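Shown next, in structure tokens, is the structure this report addresses.
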Ligand code: HEM
């Protein structure tokens, strides 16, 4: 039977190609493999969009357009929330099914995800854009955090970058829980011991200067705090 012509929607979204990217039902190693493949594919698309927005935000910062950069960073934050939330779907899979899928995966590992690799590199490309914005406004990071209300716009950009960092760390934490839930904490993965490998990654800060400035300022502020010097600020 002749296929009806593609609708404009199908042509624009390219549904034909998109929906041909999953294993056909008869080739699935088990029922749950469809969700496993779809969740990973969707994640790659969201990370592609994150990259697009982060590069855009970087150029806007270089041009001094903080409000437009902020709007793009707000979008990144919402995409990152979806990336974390969609891991919940995988929680509905049994370890038994994951084992079946893993056999079909060969030596494939999430570590090879091109989207995530870009997410790991991007902060180093974004940061110089933020520094260019600061120097164009002749303001230092320290001044922003000392007097956030006097540098409201730049403070908001700095905090939006920190949100990106925090969400990347949050994704790693959530993913580690997923790993524990599926394969346990001690099972060696294809690349070694996941707990060690992934826990190491969780120590990474993507915009280290945004974390360091807190240490720097609190060290100073607590020096003059009545209890700070001897007991520590929380003591
Ligand atoms: C059954 C669910 C999953 C299991 C058991 C699992 C397991 C693992 C393990 C053991 C690693 C460490 C590297 C390795 O040994 O291969 C890893 C890394 C990774 N996985 Fe998964 N994963 C799962 C689901 C996902 C999903 C749904 C995504 C993406 C949406 C994902 C993306 C990644 C990424 C990006 C890494 C590298 C992480 C980093 O460098 O911090 N994984 N995964």
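Note on residue 136 and residue 94: the extension gain reaches 9.7 nm, defined as 0.36 nm multiplied by sequence separation minus the Cα-Cα distance.
Once the Cα atoms are used to define both axes, helix 152-183 deviates from the longest principal axis of the chain by about 40 degrees.
Each label point was placed 7 Å from the Cα along the Cα-to-Cβ direction; for residue 218 and residue 162 their separation is 1.1 nm.
What the Cβ-Cβ distance of residue 1 and residue 49 gives, at R0 = 25 Å and to the nearest 0.05, is a FRET efficiency of 0.10. Computed over the chain with a Gaussian network model linking Cα atoms closer than 10 Å, the most mobile of 217, 154, 133 is 217. Dividing the mean sequence gap of close Cα pairs (under 8 Å, 6+ apart) by how many residues the chain holds gives a relative contact order of 22 percent. In terms of overall dimensions, the C-alpha atoms belonging to region 41-175 reach 58, 23, 20 Å along their principal axes, ordered largest to smallest. Compute the angle between helix 66-85 and the longest alpha-carbon principal axis of the chain, please, reported from 0 to 90 degrees and rounded to the nearest 10. For helix 66-85, the angle is close to 50 degrees. Can you compute the label reach from residue 87? Point 7 Å from Cα along the Cβ direction, backbone N cut-off under 18 Å, restricted to region 110-126. Output list for this probe position: 110-121. Let's test this: bin the Cα-Cα distances of region 1-78 at 10 Å from zero up to the farthest pair and state each bin's percent. The percentages, shortest bin first, are 16, 27, 27, 20, 9, 1. When the Gaussian network model of the chain links Cα atoms closer than 10 Å, the mean-square fluctuations of 175, 52, 225 top out at 225.
As an equivalent ellipsoid, the chain spans semi-axes of 40, 26, 13 angstrom, where each value is the square root of five times an eigenvalue of the C-alpha gyration tensor, largest first. Springs between Cα atoms under 10 Å define the GNM used for the chain, and in it the highest mean-square fluctuation of 101, 13, 89 occurs at 13.
No lab work stands behind these numbers, since they all come straight from the coordinates. Bear in mind the structure is a predicted one, so any value in this text is a computation, not a measurement. Positions of Cβ are generated from backbone atoms using ideal geometry, with glycine treated the same way; all protein chains shown enter the neighbour counts.
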